[in-house]
1. Could the peptides 40-50, 63-73, 78-88 be put in order, highest first, of the mean number of other beta-carbon atoms found within 10 Å of their residues?
2. Determine, from the Cβ-Cβ distance of Ala112 and Asp71 and an R0 of 22 Å, the FRET efficiency 1/(1 + (r/R0)^6), rounded to the nearest 0.05.
3. Taking Cα pairs under 8 Å and at least six residues apart, what relative contact order does segment 173-225 come out at, in percent?
4. Sort out for me the Cα centre separation of segment 156-225 from segment 114-140, rounded to whole Å.
5. Between Ala172, Ala132, Ala100, which gets the highest mean-square fluctuation from a Gaussian network model of the chain, Cα cutoff 10 Å?
6. Name the most mobile residue of Pro26, Pro134, Pro111, meaning the one with the largest mean-square fluctuation, in a Gaussian network model of the chain with Cα contacts below 10 Å.
7. Given an 8 Å cut-off on Cα distances and at least 6 residues of separation, report the relative contact order of segment 128-199 as a percent.
8. 5 Å is the cut-off here: which amide hydrogens, built 1.01 Å from N in the peptide plane, fall below it relative to Leu32, excluding neighbours closer than 5 in sequence?
Amino acid sequence: MIELQNVTQSYGGSALLTDVSVQFAPGSFHFLTGPSGAGKSTLLKLLYGELRPTRGHVQLFGIASTNMARDQLARTRRRIGVVHQDCRFLDHLSLAENIALPLQIAGQLTPADRQNLADLLVWVGLAHRSDALPAELSGGERQRAALARAVMIDPEVILADEPTGNVDWEMAQRLLQLLIELNKMGKTIVLATHDLNLIRAAKTQVEARVLRIRDRQVQLAGASL
Ligand code: ADP
Ligand code: ADP
């Protein structure tokens, strides 16, 4: 379980989120929506422990991020996969090397890791692109690769920040299907998007809560979507 407890987040004195409490139960699927600049990325950073709240607590699997020592936070982050909006690949490494990177930081790849990597590349439809450099990939390929990299560490929670922001509708649907599959495997998904059509498409296939950031609060969006 990860949750925000009475979190206020300010940048330079002006509050972006005020006294927000919200829970993300194991195995749940959450959409996070709201206009550009509302604080979606900020909320994801709080959930990942990249940002510590100005006030309140972010509980990551029962421990407040503010109370974690550096190494404990690093271990906790290995239970959370993040798909960044800008993908953040290393330009000089191949696609396969980039996806394997989170594991290589922990040591050499085992034969089982190599098999997982090969399986993941097939799963996201990029097996034929494994030797390509990031700059050679299309937007959709980059986003699928970013998802594969997030999944490589077998996290319990996956946070995705506008993964469909720069891809066409068909690719957006494909990314959504991958996230739904991960959710069916029991993973908690938090997907930030302002694409209401994507949310509508998902709601016919998966039980998802839609959270909306508005007026510095996180609200549960109604059936009006
Ligand atoms: P993200 O969801 O990662 O913040 P956006 O496209 O929403 O991406 O915003 C890109 C950048 O522009 C961010 O740094 C964001 O804070 C900033 N930004 C977003 N909306 C506004 C706005 N209305 N006025 C000024 N800056 C904004
Ligand atoms: P969203 O993802 O909903 O577009 P963000 O969380 O990226 O929103 O940003 C929300 C607001 O916070 C924006 O107005 C942005 O300018 C501001 N902001 C984000 N990150 C920082 C930062 N590190 N320092 C100062 N202001 C920031």
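1. 40-50, 78-88, 63-73
2. The value I calculate is 0.30.
3. 24 percent
4. 23 Å
5. Checking each option, the largest mean-square fluctuation is seen for Ala132.
6. Comparing Pro26, Pro134, Pro111 in the GNM, the peak value goes to Pro111.
7. On the way: 55 pairs, mean separation 25.3, N = 72.
Averaging sequence separation for qualifying contacts and normalising by length gives 35 percent for segment 128-199.
8. When sequence neighbours closer than 5 places are left aside, the close amide H contacts are Leu191, Ala192, Thr193, Leu211.
Read-outs: derived from the displayed coordinates by stated rules, not from any lab. Nothing here was measured: the structure is a model prediction, and the numbers come from that model. As a convention, Cβ positions derive from the backbone with ideal geometry for all residues, glycine included, and neighbour counts pool all protein chains shown.
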